[in-house]
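The structure appears right after this line, and notes come after that.
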Amino acid sequence: MVIITLPDGSEKQFPQAVTVHQVAASIGAGLAKAALAGEINGRLLDTSYLIETDSKLRIITERDVEGLEIIRHSTAHLLAQAVKQLFPSAQVTIGPVIEDGFYYDFAYERPFTPEDLQRIEVKMQELAQANLSVARKEITRDEAIQFFHHLGEEYKARIIQAIPAGETLSMYQQGDFTDLCRGPHVPSTSHLKAFKLTKLAGAYWRGDSNNEMLQRIYGTAWTNKKDLASYLTRLEEAEKRDHRKIAKALDLFHLQEEAPGMIFWHANGWQIYQAVEQYMRGMMRKHGYQEVRTPQVVDISLWERSGHKEKFSEDMFMLELDEREYAIKPMSCPCHIQIFNQGLKSYRDLPLRLAEFGCCHRNEASGALHGLFRTRGFTQDDAHIFCTEEQIQSEVDRFIDMLFEVYNDFGFTDVLVKLSTRPAKRVGSDEVWDKAEKALTEALNAKKLDWQEQPGEGAFYGPKIEFVLRDCLGRLWTSGSVQLDFSMPMRLGAEYVAENGHRKVPVMLHRAICGSLERFIGMLLEHYAGLLPVWLMPTQAVVMNITDKQTDYVLKVVNILQNKGYKVKPDLRNEKIGFKIREQTLQRIPYQLVVGDKEVENNTISVRARSGKDLGTMTIDEFVQQIDANWRKADI
């Protein structure tokens with residue numbers, strides 16, 4: 001007798017071992033048809049899995065988050081099968097699920113073309129409609145190596161060779177295609193109903209630039225065609241909002257081969273950058289931070305003691321000088337501890353909040369570089385709070401309040417909160433990690449925030465709370481974080497004198513709100529499609545004349561507004577006013593102030609918003625009230 005307990009607490013009894021599919025069928029034919037997998041005692045398994053002991057079971061369908069991931073993973077296999085049928089000499093490598101889709105890497109003698117992509121997608125549709133059953137088979141490691149060698153799939157064989165000897169592996173077969181995979185997978189290809197191949201890219205084998213280049217095919221998969229169409233529409237809109245295109249149109253920045261991953265900020269872009277930085281500087285002063293500055297180049301011994309060299313050496317830029325090895329700063333935390341260590345601190349000095357707009361450099365792979373989103377040189381709104389254990393919750397609480405205030409001012413109101421716990425590769429004892437994770441959990445619960453756990457995603461020195469912004473297209477951007485660190489202050493000799501006179505190691509909170517300012521600005525540009533709120537725009541208003549007779553008055557208006565602190569410029573070109581208005585609208589300038597003879601006579605200005613709305617004629621003081629009322633708005 002096997003007893004199956006369902007999520008609602010009800011039980012079903014079977015006289016002998018039973019598959020997930022059979023349990024679903026006993027509940028209803030509709031559920032049996034919809035079942036994609038089963039969660040058995042917390043473990044995801046195929047519908048063909050035989051349950052031999054009393055178990056808790058949840059049937060997974062396309063309505064579940066896990067169901068969508070299974071569909072995407074299975075569609076990656078469908079892609080590989082289609083490629084093998086159309087291009088038999090292509091070798092398959094890996095095909096994981098990623099956000100909103102999947103990819104699969106192939107080795108092939110020539111580059112795939114957009115026409116190839118179309119053929120592959122048609123073949124995938126044929127295979128899906130063929131309703132091929134998907135069967136799981138267990139096999140030993142050595143058998144798997146021999147199997148893939150026989151097929152000529154040398155990359156698969158090399159993947160398996162890295163697996164310890166004696167392991168039992170699983171393979172999945174659908175029609176004439178077999179792939180190595182843990183699973184689970186859909187019971188048949190008919191469950192794959194809504195997918196699209198999206199792009200081609202290059203990718204190094206194993207992600208190592210010293211290895212051969214493979215070809216990566218990206219795709220997306222959804223549970224139904226409506227969701228697929230909605231996603232493709234979002235992709236089109238995202239393409240229009242690409243911050244690199246906006247940067248070119250608005251003359252914000254550029255990149256070039258002589259400095260890969262580094263930003264050449266133009267005057268317009270630098271004004272946006274400065275607006276963000278100065279705003280954050282004011283917020284840090286308001287919340288009790290002391291701004292500091294630390295060196296760009298530091299002896300490698302500091303990074304060895306902090307643990308960064310062991311963890312990040314491949315991502316660090318090194319240089320040698322006077323027979324000493326140095327690293328260009330990849331982050332600011334060890335340097336801030338050096339400032340803390342200057343002079344003996346008392347418990348009365350804590351919390352001590354040190355902030356820096358820290359310029360950092362990391363050796364990102366060239367293929368990963370992407371405009372402002374992934375650079376080799378960037379600046380963080382970095383800060384570190386040195387405090388006692390008793391102050392942890394109040395400092396995290398204070399930081400969260402500050403973070404939400406900042407995001408609200410930038411126009412981000414949909415924020416997801418995640419707690420990332422200890423990774424496999426870490427420093428510090430389990431006891432220390434238990435204490436750190438407990439402290440952050442209590443801080444989140446005290447704020448009554450909805451949050452989810454991300455097991456294994458913490459920093460190597462401590463757990464962290466991550467704050468993820470959802471933009472206007474529904475895309476998620478991890479931006480701010482606060483990380484609790486008991487280890488690095490101890491490794492670098494930080495101490496303070498406690499109330500009882502004993503020396504103690506302070507707790508260090510690593511925190512950022514924007515993260516990389518470059519990346520944050522890229523997010524802002526795409527979120528607002530370049531139509532930034534008034535306060536962030538490099539030019540907030542332009543004053544235009546109709547004829548040369550209004551030149552002096554235009555310059556007078558510009559001077560008055562500039563003296564009031566607004567970013568205003570004149571447009572005195574000998575062009576028709578309609579042409580000027582159209583051109584300044586394309587530059588996303590929030591306000592266009594038009595001056596003719598009547599405005600000069602009445603000491604007024606005619607005001608238009610970038611939306612095209614005519615706001616009427618007003619005095620300069622009335623316009624100041626208008627711009628102040630809409631200072632943080634984008635939709636004007």
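The values are calculated or read from the model by the stated rules, or taken from the named source; none is laboratory data. Since the model is a prediction, treat every value here as computed from it, not as a measurement. Ideal geometry is used to build each Cβ from the backbone, glycine not excepted, and the neighbour counts take in all protein chains shown. SASA here: full protein model, heavy atoms, side chains in, ligands and nucleic acids out. Shrake-Rupley method; radii C 1.70, N 1.55, O 1.52, S 1.80 Å.
For the reader, a short list of remarks on this structure follows.
- Hits in the stretch 572-629 (condition: open to solvent by 40 Å² or more (accessible area, probe 1.4 Å) and either touching a Pro at 6+ places or on another chain (Cβ under 6 Å) or of a type in the set (Val, Ile, Thr) (or both)): Ile577, Thr585, Val600, Thr617, Thr619
- Criterion: part of a helix (DSSP H, G or I) and at pLDDT 90 or above - qualifying residue of Glu138, Glu126, Glu109: Glu126
- Qualifying helices (runs of 4 or more DSSP H) (wholly inside the stretch 221-295; at least 2 residues being in contact (Cβ under 8 Å) with a residue 40 or more places away in the chain, open to solvent by less than 70 Å² (accessible area, probe 1.4 Å) and farther than 26 Å from Ala529 by Cβ): 267-286
- Of the criteria (1) over 42 Å from the mean Cα position of the chain (by Cα); (2) open to solvent by less than 20 Å² (accessible area, probe 1.4 Å); (3) hydroxyl-bearing (Ser, Thr, Tyr), which one Thr547 fails: (2)
- Screening the candidates Asp105, Asp179, Asp100 for the property of being open to solvent by less than 30 Å² (accessible area, probe 1.4 Å), among the acidic types (Asp, Glu), touching a residue at least 12 places away in the same chain (Cβ under 8 Å) and farther than 25 Å from Ser48 by Cβ yields one hit, Asp105.
- In the stretch 509-527 there is no residue matching the filter, namely being assigned to a loop (DSSP other than H, G, I, E, B) and open to solvent by 30 Å² or more (accessible area, probe 1.4 Å).
- Filter result for Arg503 (out of contact with any Lys or Arg (no Cβ under 6 Å at 6 or more places or on another chain), basic (Lys, Arg), modelled with pLDDT of 95 or more and farther than 25 Å from Gln338 by Cβ): no
- Test: Glu325 is assigned to a helix (DSSP H, G or I) and either open to solvent by 30 Å² or more (accessible area, probe 1.4 Å) or at pLDDT below 95 (or both): no
- Taking first residues from the stretch 193-210 that are on the phi < 0 side of the Ramachandran plot and partners that are of a type in the set (D, E, K, R) and assigned to a loop (DSSP other than H, G, I, E, B), the Cβ contacts under 6 Å between residues at least 6 apart in sequence or on separate chains come to Trp205/Glu212.
- Applying a threshold of 6 Å to beta carbon distances and a minimum spacing of six or more residues, or different chains, the list of pairs starting in the stretch 328-353 at a residue that is free of Cβ contacts under 8 Å to residues at least 60 places away in the same chain and ending at one that is small (Gly, Ala, Ser) reads Ser332/Gly358.
- Candidate set from the stretch 79-95 (those that are of a type in the set (Gly, Ala, Ser) and open to solvent by 10 Å² or more (accessible area, probe 1.4 Å)); member that is farthest from Trp205 (Cα to Cα): Ser89
- Count of residues meeting criterion [open to solvent by 20 Å² or more (accessible area, probe 1.4 Å) and either within 25 Å of Ser487 (Cα to Cα) or touching a residue at least 60 places away in the same chain (Cβ under 8 Å) (or both)] in the stretch 364-394: 14
- Residue list for the stretch 141-158, filter: touching a residue at least 60 places away in the same chain (Cβ under 8 Å), open to solvent by less than 30 Å² (accessible area, probe 1.4 Å), part of a helix (DSSP H, G or I) and not aromatic (Phe, Trp, Tyr): Lys156
- Exactly one residue out of Lys438, Lys464, Lys448 is closer than 21 Å to Phe340 by Cβ and modelled with pLDDT under 95, and it is Lys464.
- The residues of the stretch 407-463 that are small (Gly, Ala, Ser) and open to solvent by 30 Å² or more (accessible area, probe 1.4 Å), listed by number, are Gly411, Ala424, Gly428, Ser429, Ala446, Gly456.
- Residues of the stretch 185-197 that turn out to be over 23 Å from Leu235 (Cβ atoms) and open to solvent by 10 Å² or more (accessible area, probe 1.4 Å), as a count: 4
- The stretch 421-443 - residue that is charged (D, E, K, R) and in contact (Cβ under 8 Å) with a residue 12 or more places away in the chain and, of those, farthest from Ile392 (Cα to Cα): Lys425
- Index of the failed condition, Ser48 passing every other in (1) polar (S, T, N, Q); (2) closer than 19 Å to Lys137 by Cβ; (3) open to solvent by less than 10 Å² (accessible area, probe 1.4 Å): (3)
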